[in-house]
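Remarks on the structure that follows.
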Amino acid sequence: MSPVGFRRIALAAWLAQALIVLSGAAVRLTDAGLGCEDWPACNDERLVPAWELHGWIEFGNRLISLLVALTTVAAVIAARRRRPRRPDLVRYSWWLVAGTVAQVALGGVTVLLDLNPIVVSGHFLVSMGLLWTAQTLWLRAGEPDHEPSERRPSRAHPDDRQLAGIQLGLATMVLLTGTVVTGSGPNSGDARADRLALDLTWVARVHSVTVWLLLAALVALALRLARRPARSAVADRGRGPGPFAVVRWLLVAAVAQGAVGYVQYAAGVPPLLVELDVLGALVVWSLSILLHQRLAGSTVGAAPGRDPADRRDRIAA
């Protein structure tokens, strides 16, 4: 297995993890959450559902989970057969397997507990963790084999690394409070499913506060990075977009996501806007991970001291 071939498999694993999140949201938003009332078979009598829309929407989500399993297993096999072999890639691919197995089991528990909102929230958050793992696997696979990021110190300014950690923590809080809003709202996945006994207006306000805090952290980080053009230019060379480019993309995505959230709330939480909100959450979360890894994770360019622009930038910092 060549490094290029392995990175393609890692990308496929990430795309499968993103797809299962979107399909899972579609199951809930079409009230198909209990289209199959049992697990792993559809019900006591059939492995697959009868020709009924809700049953096949739910079963289709289970078929996509098979795609997730296949790409995850392929990532492990490819990591072990990759030449040169990298222990960090093998380790992350096995973490992806462990998380996927846990996610499959949690999906079964979700059905057996009739879409308990706390379990459904956990199901979504585990998927976000798996996206993190798959994205990290893909990013690390693109690093030079002679100096993977775990062996290189970060070139970012300490204040930038701190802000990168804060924005990732706030992005996590946005996800957590978002699941509480979902668990309190009308789109339960099935009329028989329970809802959290919380006031939707207040939990939506708490969620919006976390979004505003995330935006404030991103603006602060963007202003800091804008004062370091030389650093951003070095970071862009050969390693994809630099931190300043990523934070600009993330700001645009977060503003758009917030706008969708406000419109969604004002319109009475229609399913189509909720699905768009989930897609936005995937984009914001992925960019938050990328920004954190570009700054705090040391995947930000050539090794220190190898470029005159780097030396000038370190002196300025």
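For GLU52 and VAL97, what does the FRET efficiency come to when R0 = 30 Å and r is the distance between their Cβ atoms, rounded to the nearest 0.05?
Numbers: r = 33 Å, r/R0 = 1.11.
The formula returns an efficiency of 0.35 here.
Return the loop-located trypsin sites (Lys or Arg not before Pro) in the range 10-111 (DSSP other than H, G, I, E, B) with at most 13 other Cβ atoms within 10 Å of their own Cβ; answer none if there are none. Write down the numbers at each step before the final one.
Values: sites: ARG28, ARG46, ARG62, ARG80, ARG81, ARG82, ARG85, ARG91; in loops: ARG46, ARG82, ARG85.
Here the sparse-neighbourhood loop sites are ARG46, ARG85.
State the extension gain, in nm to one decimal, for the chain segment bounded by ALA245 and SER2, taking 0.36 nm per residue of separation less the distance between their alpha-carbons.
Result: 84.5 nm gained on full extension.
Which peptide among 63-75, 166-178 comes first, and what is the full order, when sorted by highest mean count of other Cβ atoms within 10 Å?
166-178, 63-75
Only the coordinates and a few stated rules stand behind these numbers; no lab work does. These numbers were taken from a predicted model, which means no experiment stands behind them. In this analysis, Cβ positions are derived from the backbone assuming ideal geometry, glycine residues included, and neighbour counts consider all displayed protein chains.
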